[in-house]
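First comes the structure, then the notes that go with it.
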Amino acid sequence: MVFWESKSVSKRVVIIGGGIIGLATARYCRSAGHEVTVIDRDLPNRDSCSFGNAGMIVPSHFVPLAAPGMITMGLKWLANPESPFSIRPRLSLDLASWLWQFKSASTDEHVRRSSPLLRDLHLASRAEYERLQSELPSGFDFHPNGLLMLCKTESGLKEEIETAAEANRLGVTAEVLTADEAARLDPSIAMDIRGAVFFPNDCHLSPNRLMAVLERRLVDDGVEFRWQCEWRGFQNTGSKITTVNTSTGDLAADEVIVCGGVWSPTISKALGIRLPIQAGKGYSMTLEQPRQLPSICSILTEARVAVTPMDGSLRFGGTMEIAGIDQTVSHSRVRGILKSIPQYFPEFQADDFADCEPWVGLRPCSPDGLPYLGRTRAWDNVVISSGHAMMGISLAMVSGKLVAEMVDRKPASIDSVELLSPDRYSGRSKVKR
């Protein structure tokens, strides 16, 4: 079964970026009958953020990263080298501006306005993943088993209970569990917790398998991939980009989609678009033969660590380190993750990870915690899809679907997408044409 029905090719679509956002965009654009080329600066078996993440689809995550209390929490953690959050001080006007914009966005009003949109995006993406699972015979280890927010402390549980109440108000089912109820829900792993909140509509998958099977199917369906192909610039006629210049030759384009992750601001700057993004470094460690294997993915709430079973292995991931384009490993942050695991799962020991190499990736973070998704006023045929931060896997499919709708000039299938406009931060520079 192929993704697309036989149609005449109507547009040449060039997608800059071959991570999960780029692949999902290619899927839906090709399904609409377009001629699609994906370029990426890395190798096909690249070690990008799309591979080492926690692999969660999370309708439960309807609160944007920019929310009340985040600044206070971040300041509290700054002095702890093992904390799940840090900002590396550096002389950078972009960082200073981003931090100010983050502070300005961290309001109750922003959360109130953004939460219904994030809910709708996650739920729509979940439905698209279920459809994709049925279309790919080999699958990608997709499990609609829910998510457990595991709480070690009374204060942590109280905070999650408040979030659960808001989730239910928004129509996202959430159940408050005692420690015994959580243990009965997933008896395959021993827990030492105060209580939990269960989100039954959340899911998990294997990012590695997803990327591999999706890329293979796209190639079979006629999508062209150019690996180790660096974007070099653009050529335009009036208000339209006509050519994407690359290290492997020029590509004619009717539509250009920027899905470049943390490198999107550089690409956007050449288009005269100011796109505030900071790289949020995250780490993960994957145990191939864990002592115990849960059936449900979870988040260790106070430690901010995600735990996901994947193809018989178990992945632990966490931290948000604002440190620029830097993929060096901070061993103190890794220690912080490893120290937290036995506190919630007492059967595990630090020695379990002795031979486990930490993976590191850079998440593209916007200052208001919402992705950039839409056409830009600067050009008639450019769409931006970036800034998904920790929600890249979860929002990938709906992002790809929305971009394809924009390419076809169709009404958006999700309400309030104007909140995601790539032009929402003023100061876009003029482009000489």
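Read-outs throughout are calculated quantities, based only on the coordinates presented, and are distinct from any laboratory measurement. Keep in mind it's a predicted model, so treat the numbers as computed, not measured. Cβ: placed from backbone, ideal geometry, glycine included. Neighbour counts: every protein chain shown.
Charge tally around ALA354: other residues with Cβ under 15 Å, Lys/Arg +1 each, Asp/Glu -1 each, net -2. Over the Cα atoms of the range 176-239, Rg to Rh with Kirkwood Rh, two decimal places? Radius of gyration relative to Kirkwood radius: 1.34. Largest first, the extents of the alpha carbon coordinates of the range 234-301 on the three principal axes equal 60, 26, 20 Å. Rounded to the nearest 20, the Cβ-based charge dipole of the chain about its Cα centre (Lys and Arg +1, Asp and Glu -1) stands at 1720 debye. Equivalent-ellipsoid semi-axes for the range 364-405 (Cα gyration tensor, √(5λ), whole Å, largest first): 18, 14, 6.
As a size descriptor, the averaged projected area of the C-alpha convex hull of the chain was calculated at 19.7 nm². Close amide H pairs (under 5 Å, H built 1.01 Å from N) link ASP192 with PHE345, residues at least 5 positions away or on another chain.
Among the lysines in the chain, how many pairs, 8 or more places apart or on different chains, have alpha carbons under 13 Å apart? Count of close lysine pairs: 4. In percent, rounded to a whole number, the relative contact order of the chain is 25, using alpha-carbon pairs under 8 Å and six or more apart. Once Rg and the Kirkwood radius are both taken over the C-alpha atoms of the range 13-128, their ratio Rg/Rh works out to 1.04.
For ALA412, the shell of other residues with beta-carbons less than 12 Å away shows a net charge of -1, using +1 for Lys and Arg and -1 for Asp and Glu. Charge tally for GLY195 (other residues, Cβ to Cβ under 9 Å; Lys, Arg +1; Asp, Glu -1): -2. Using only alpha carbons, the range 112-229 has a radius of gyration to Kirkwood radius ratio (Rg to Rh) of 1.09.
The angle separating the long axis of helix 93-105 from the principal Cα axis of greatest extent in the chain is about 60 degrees. The share of C-alpha pairs in the range 239-348 whose separation exceeds 21 Å stands at 55 percent. Label point of CYS356 set 7 angstrom out along Cα-Cβ; within the range 278-294, amide nitrogens under 20 Å from it belong to 281-294.
Amide hydrogen proximity for ASN236: with H placed 1.01 Å from N in the peptide plane, the residues at 5 or more positions away or on another chain lying under 5 Å are THR242.
Axis angle, to the nearest 10 degrees, between helix 154-169 and the longest C-alpha principal axis of the chain: 50 degrees.
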